[in-house]
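Notes follow once the structure below has been shown.
Please treat every number below as a calculation from the coordinates, not as lab data. If you're wondering where the values come from, they're calculated on a predicted model, not measured in any experiment. Here the Cβ positions follow ideal geometry from the backbone for every residue, glycine too, while neighbour counts run over all protein chains shown.
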């Protein structure tokens with residue numbers, strides 16, 4: 001009996017102890033918060049030092065886009081009036097282009113040849129003027145016609161038309177220090193732009209040593225989309241200024257250019273057609289109240305028949321600015337292959353009949369290549 005009583009007491013005590021421990025555990029669980037306490041916040045990172053900034057972004061901000069374009073020509077055949085060497089790197093062009101601020105951009109083009117380095121263009125463009133105005137200040141190619149605005153590597157043939165050589169200053173063309181102001185005229189369904197320019201008067205066409213005698217250029221351009229694949233571009237140009245023919249003798253240039261483009265949207269990288277003609281009239285004052293008149297034009301057709309292949313032809317006819325009743329004529333065929341957007345290979349056959357009776361028959365090969373970022377050319 002005693003042993004049973006002792007065992008019974010031990011069992012009861014054990015049961016009571018378990019009940020007390022369970023109750024204590026329930027109370028502790030009830031007092032514990034449902035969510036864990038927040039962890040301490042991580043210390044804030046130290047301010048970035050100039051050395052820690054990304055080098056790519058800083059170089060983009062503080063440095064302009066830089067590119068170099070090389071133009072190599074190989075000439076064979078006969079031309080008694082053309083003294084171009086058989087092999088030559090005709091030009092290496094260094095281009096520096098950047099955004100100055102939200103209101104202006106800057107462009108500099110430096111040409112390096114065997115004759116030395118020369119600033120071809122260097123100007124600032126102010127794009128945020130009121131009244132749909134655009135202002136350019138510096139040295140630039142005048143807005144006269146189409147070919148005069150293009151750099152050598154941007155024309156679709158190896159040379160420049162006879163009209164440009166005889167009447168508009170050749171490769172240098174109308175390029176001078178001055179001011180250009182353009183206005184976009186609001187006309188429904190037509191892009192209409194009027195440009196007025198004033199230059200120093202120190203180019204291959206106009207020359208003067210007097211401050212008061214300047215060179216003036218005006219241009220009116222109209223552009224319209226005919227269909228989703230075709231458009232028409234028409235321009236009229238005028239230039240007036242002094243020349244070195246004699247004291248107080250001036251020259252006037254009148255120009256008209258028409259461009260038709262066909263480029264189907266669904267095959268834009270495989271097919272296109274450009275047709276262009278440009279006409280120029282020259283009126284040069286001569287001593288004794290005389291005047292020398294000359295007329296020149298070219299017609300161009302260019303067709304893309306594959307993704308990297310272009311073919312084209314050009315006809316030329318031009319008088320000479322200071323010679324009456326003198327006319328040079330010519331024709332060219334060319335084939336262009338673009339391996340990539342950074343290089344081109346072109347072959348051209350050129351025939352020229354000069355007014356003196358001389359004839360030139362030449363085959364010209366061109367290799368043009370570029371490195372770096374280069375902006376879009378004039379459309």
Quiz prompt | Cα-based shape type of segment 145-247, given that a ≥ b ≥ c are square roots of the gyration tensor eigenvalues and the cut on a/c is 1.5 | solution = oblate
Self-check item: Relative compactness, segment 213-333, computed as alpha-carbon Rg over 2.2 N^0.38 Å
Solution: 1.37
Practice problem: Calculate how many DSSP beta bridges within segment 152-311 are antiparallel, expressed in % of all such bridges and rounded to the nearest 5. | Solution: 100
Quiz item: Per the Kirkwood definition applied to all pairs of different Cα atoms, how many angstroms is the hydrodynamic radius of segment 121-366?
Solution: 19.5
Quiz prompt | Proxy reagent accessibility, fewest Cβ within 10 Å first, across 251, 139 | solution = 139, 251
Quiz prompt | Separation between Cα centres of segment 305-379 and segment 160-238, rounded to whole Å | solution = 22
Quiz item: Over what distance in Å are the Cα centres of segment 242-283 and segment 74-116 separated?
Solution: 21
Practice problem: Treat segment 118-169 as a sphere of radius equal to its Kirkwood radius over Cα pairs and apply Stokes-Einstein at 20 °C in a medium of 1.002 mPa s; give the translational diffusion coefficient in µm²/s, rounded to a whole number. | Solution: 164
